[in-house]
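A short write-up of the structure that comes next.
The values are calculated or read from the model by the stated rules, or taken from the named source; none is laboratory data. Given the structure is predicted, the values throughout are model-derived calculations rather than measurements. Cβ coordinates were reconstructed from backbone atoms using ideal geometry, including for glycine residues, and neighbour counts include every protein chain displayed.
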Ligand code: SF4
């Protein structure tokens, strides 16, 4: 499993990347990007410093909740999970739709106050800072401002749909220790149909190749999407990232939000389909 750096930080043999990154220069770089926002491949081009909103609707960062999460992968728990409101995806089956599709949900927290909360959770035993949403990418500027006030040896986890631009991922690579990625679809058409994003597979597979850091790939098996999505994704990972990649094939799909409007995903996942995806992964050589 490729989590060597993450475990080295936990054991005190390495420092997290952000402690040696030039956070001030990343903040300046990020400000230039959000002035005509291209943090993600939506390329909205709006001036978010002036309060203009793009597809994600994220203005100033809003935090929906933060807590010590015990339900993540066992390597991660307890994980200090910070949920940001708003998302650049419009997944019609989103289980967190109440925050992802409502960027105004939650509260504004000054960056230094969140940094204090991270330190507090660290003293309570958190193993990492897990940035999620919604989606963390639209909140990059705020997150960098939080890191500026942080000075503890905690790994930074980017829990994301991976739809950022190349320049965004190159910034992330300078301070993210572990990417917890959500690889949803094995082709562009399913991404467009179910999450309303263009070029899904092209962008997300490219970004997985650009990751410089440890990685855990999550794949939620969707009903009737084993052949078009689960198998192509697993095959792609095996070929491009290697079968020693930590892959989590997930079975907990439940129809939420607008899923009932789409026949093929309007019911919970059938156990046979999950087993089919899991066996396919194991036959490729993944340990999962
Ligand atoms: S982060 Fe939001 S505003 Fe920026 S490009 Fe993506 S969807 Fe548009």
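One table, with the values for the structure above:
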| item | result |
| --- | --- |
| Single residue of 88, 151, 159, 139 found to be part of a strand (DSSP E or B) and modelled with pLDDT of 95 or more | 159 |
| Subset of the stretch 1-33 (residues that are touching a helix residue (DSSP H, G or I) at 6+ places or on another chain (Cβ under 8 Å) and either free of Cβ contacts under 8 Å to residues at least 24 places away in the same chain or assigned to a helix (DSSP H, G or I) (or both)) | 14, 18, 23, 26, 27, 29, 30, 31, 33 |
| Some residue of the stretch 96-115 being within 26 Å of residue 248 (Cα to Cα), assigned to a helix (DSSP H, G or I), under 20 Å from the mean Cα position of the chain (by Cα) and within 13 Å of the ligand (Cβ to nearest atom) | yes |
| Candidate set: the stretch 34-76, residues that are more than 8 Å from the ligand (Cβ to nearest atom) and part of a helix (DSSP H, G or I); chosen: the one surrounded by the fewest Cβ atoms within 10 Å (Cβ to Cβ) | 50 |
| Residue in the stretch 77-90 that is farthest from residue 196 (Cα to Cα), counting only those that are within 16 Å of the ligand (Cβ to nearest atom) and under 14 Å from the mean Cα position of the chain (by Cα) | 84 |
| Boolean, residue 191 is surrounded by 24 or more Cβ atoms within 10 Å (Cβ to Cβ), touching a helix residue (DSSP H, G or I) at 6+ places or on another chain (Cβ under 9 Å) and modelled with pLDDT under 95 | no |
| Test result for residue 118, part of a strand (DSSP E or B) and surrounded by 19 or more Cβ atoms within 10 Å (Cβ to Cβ) | no |
